[in-house]
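*Asks:* Quick one: this structure, given as structure tokens, is what I'll be asking you about.
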Amino acid sequence: MYYDRRVPGPLLDLLLPDAPLGWLIPWLSTGPAAAAGAHVQTRRDRQGRRHGAIQLYLGRTSPLEVRGRPNGRHSLHADVSYRTMSPRLFAGDLDASGLALLADPLRQHAERAAAETHRSFLDGEAVVHAGLMRHHGPLSPSAAPFLALDSEARMGFDSQADQVAFEATLPAVVGLPAAEAVPRKLDLVAVDHDGRLLLVEVKADPTGLTRAAWQAAVHVARFRALLAQHPAWFSEVLGDLAREKARVGLLGQAPMVDFSRLPTLTPVIAAPDPREGWSAAWRSEIGSVLQTSGGLLAGLRLWRLSPQGHVVEDTLA
């Protein structure tokens, strides 16, 4: 079992100001990028991204991904609609000098994608999710209370059999009803200055909170198992990811968190809600999950978000 979104240093260095992708982080502050909910994430897995990847997102869709290749080369990838938009960009492997020659066409591609991506990928949950990633990632102020380190987090396994066996244990551990599917992706992994590892489920509105609570409980069980298997994961893996992201500007002006101590696993449910009595309504809806989740939701935080993804209120469930 593993969860590791670190990428090799030379790949991440492409984002430095004078490097081939040096335009990308400043571009996130522009109007077109803001309107499209643009953010950048590192990606790595044991299949197509064995050598790591840097991925640009617009809301819930990705117009550009730069994957590391052997021998210091890189390849460009995107969903099919974006490859059709700029077919010459996705023709083959490139070295750093070749990627540098594409800086202007790549920016133009990102601009066009931001203007032409269908609103269905940019509205609803995508708005608040992207807002959290942007405001606590590359646009973080110095007073940011937490660092948004990863989105769409998913555990990896050495084999399909290992994954199936582990996931088969989760319903009993969590008390998950048969009607509830076992979730695999977590919306947001963050860490705050109190040493809490924030496992955040984001919703577009306050409907479906019961499902969100079950999802949060399952993810606590997953990360609890990960830390049991790899006690140094928080300091060595997640801490390295944070420090590397900060080095190239992906965490804005936020001060670094202390990763030397063991984290407190803290589930979070986050959604916009204009009601005055929002927190009481949320507690009422998720009460049955809190009672039957075996303590996995101890310390659950409720975040009321603005429509743009700012944390307006933070309270204990």
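The values are calculated or read from the model by the stated rules, or taken from the named source; none is laboratory data. Being a predicted model, the structure only gives us computed values, none of them experimental. As a convention, Cβ positions derive from the backbone with ideal geometry for all residues, glycine included, and neighbour counts pool all protein chains shown. Just the protein is used for accessible areas: all its heavy atoms, side chains included, with ligands, DNA and RNA removed. Shrake-Rupley method; radii C 1.70, N 1.55, O 1.52, S 1.80 Å.
*Asks:* Among the numbered criteria (1) at pLDDT below 95; (2) touching a strand residue (DSSP E or B) at 6+ places or on another chain (Cβ under 7 Å), which single criterion is violated by Leu198?
*Replies:* (1)
*Asks:* I'd like the residue in segment 1-47 that is of a type in the set (A, V, I, L, M) and open to solvent by 30 Å² or more (accessible area, probe 1.4 Å) and, out of all such residues, is farthest from Ala78 (Cα to Cα).
*Replies:* Leu16
*Asks:* Additional query: Name the single residue, out of those in segment 106-136 being under 18 Å from Leu24 (Cβ atoms) and of a type in the set (A, V, I, L, M, F, W, C), that is most open to solvent (accessible area, probe 1.4 Å).
*Replies:* Filtering segment 106-136 for residues that are under 18 Å from Leu24 (Cβ atoms) and of a type in the set (A, V, I, L, M, F, W, C), the one most open to solvent (accessible area, probe 1.4 Å) comes out as Ala115.
*Asks:* Moving to a separate point now. Filter segment 120-151 for residues that are acidic (Asp, Glu) and within 12 Å of Ala190 (Cα to Cα) and give the result.
*Replies:* Of the residues in segment 120-151, the ones acidic (Asp, Glu) are 123, 125, 150.
Once the filter is applied, which keeps residues that are acidic (Asp, Glu) and within 12 Å of Ala190 (Cα to Cα), segment 120-151 yields only Asp150.
*Asks:* Among the residues of segment 168-226, count how many are among the basic types (Lys, Arg) and loosely packed, with under 15 Cβ neighbours inside 10 Å. Write out each step before concluding.
*Replies:* Initially, segment 168-226 is screened for residues among the basic types (Lys, Arg), giving 184-185, 196, 203, 211, 222, 224.
Restricting the remaining residues to those that are loosely packed, with under 15 Cβ neighbours inside 10 Å gives 185, 224.
Total meeting the criteria: 2.
*Asks:* Taking the residues in segment 230-258 that are part of a loop (DSSP other than H, G, I, E, B) and either on the phi > 0 side of the Ramachandran plot or β-branched (Val, Ile, Thr) (or both) as candidates, determine which candidate is surrounded by the fewest Cβ atoms within 10 Å (Cβ to Cβ). Spell out the reasoning first.
*Replies:* Let us first name the residues in segment 230-258 that are part of a loop (DSSP other than H, G, I, E, B), namely 230-232, 249-258.
Among the residues that remain, those that are also either on the phi > 0 side of the Ramachandran plot or β-branched (Val, Ile, Thr) (or both) are: 249, 252, 257.
Details: Gly249: 19, Gly252: 22, Val257: 23.
Taking the candidates together, the pick is Gly249.
*Asks:* Quickly run through segment 271-317 and pick out the residues that are among the polar types (S, T, N, Q) and surrounded by 20 or more Cβ atoms within 10 Å (Cβ to Cβ). Walk me through it before giving the result.
*Replies:* Keep residues of segment 271-317 that are among the polar types (S, T, N, Q), which gives 279, 284, 288, 291-293, 306, 308, 315.
The answer is Ser293, and nothing else.
*Asks:* Continuing with this model, one more query. Filter segment 265-274 down to the residues that are touching a residue at least 60 places away in the same chain (Cβ under 8 Å) and more than 19 Å from the chain's Cα centre (by Cα) and list them by number. Working first, answer last.
*Replies:* Going through segment 265-274, the residues touching a residue at least 60 places away in the same chain (Cβ under 8 Å) turn out to be 265-273.
Matches in segment 265-274: Asp273 only.
*Asks:* Taking Gly92 and the conditions (1) open to solvent by less than 60 Å² (accessible area, probe 1.4 Å); (2) out of contact with any Gly (no Cβ under 8 Å at 6 or more places or on another chain); (3) outside any loop (DSSP other than H, G, I, E, B), which numbered condition does it fall short on, given that it satisfies the others?
*Replies:* (3)
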